[in-house]
Amino acid sequence: MTFWSNSNATPKRNYRWQLSIGGFGDHNLVWWAKTVNVPSFDVSEVEHNYFDNKYYFPGRVSWSEIEVTLVDPVSPDAAGLTLQILERAGYNVPASKGAKDTISKSKSTSSGLGDVTIDLFAADVDNAGTPIESWTLQNAFIKAAKFGDLDYSNDELRTISLTLRYDWAICTTKRISPQSTTFAEKDGKVDEIFSIDSE
């Protein structure tokens, strides 16, 4: 069965997504997000030489940083919300000699940035808004924040760029039901056909 004869073979689209950041509180659904990277990873390799040959073995998995671009609305104030996350992470301007609070991973991930989720949706989004793919960053914190450049000759929307670091990411997708698997034989070849479980 070819994909063009299956009406359910719909590709995922780059613009059907939403970003949630728990550290933004009541504004955790970030409607002013402009772009975001989907998590990615690299696997290191270990080389072993034996006679004339080289052999490679997988090493450690390293998850890459992601970049988030936000439009900075007046309300909610994206710049102010970002600075509040930094404060809740433990950073305080050293206004006095007795200030001893410091930034920590525990406060950065729980009290600071909180849960970060990227949801992707199908073309026919249901009323419940159930995503077909969700990425959740584990132990995420803000590594860098850039509040843009001001320019009298530029009338574009002001943006904020965030770099997020995390330990790993969990991807949850709409389940493919193995019970509904069927097989079709054509020209001596077997095509395996899956149907998407709507649960």
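Of note:
- Taking the criterion of being more than 23 Å from residue 109 (Cβ to Cβ) and either assigned to a helix (DSSP H, G or I) or not charged (D, E, K, R) (or both), the residues of region 13-31 that qualify are 14, 15, 31.
- Once region 4-31 is narrowed to residues that are hydrophobic (A, V, I, L, M, F, W, C) and under 23 Å from residue 130 (Cβ atoms), the residue that is surrounded by the most Cβ atoms within 10 Å (Cβ to Cβ) is 21.
- Listed by position, the strands (runs of 3 or more DSSP E) contained in region 93-181 that have at least 1 residues being among the small types (Gly, Ala, Ser), surrounded by 11 or more Cβ atoms within 10 Å (Cβ to Cβ) and modelled with pLDDT of 90 or more are 133-138, 141-146, 159-165, 168-173.
- Within region 32-50, considering residues that are more than 18 Å from the chain's Cα centre (by Cα) and β-branched (Val, Ile, Thr), the one nearest to residue 134 (Cα to Cα): 43
- The residues in region 135-171 that are free of Cβ contacts under 8 Å to residues at least 40 places away in the same chain and touching a strand residue (DSSP E or B) at 6+ places or on another chain (Cβ under 9 Å) can be counted, and the count is 7.
- Residue 71 meets the conditions (1) out of contact with any helix residue (DSSP H, G or I) (no Cβ under 9 Å at 6 or more places or on another chain); (2) closer than 30 Å to residue 89 by Cβ; (3) aliphatic (A, V, I, L, M) in every case but one. The failed one is (1).
The values are calculated or read from the model by the stated rules, or taken from the named source; none is laboratory data. Keep in mind the model is a prediction, meaning the values are calculated, not measured. Heads up, the Cβs are rebuilt from the backbone with ideal geometry, glycines too, and the neighbour counts pull from every protein chain shown.
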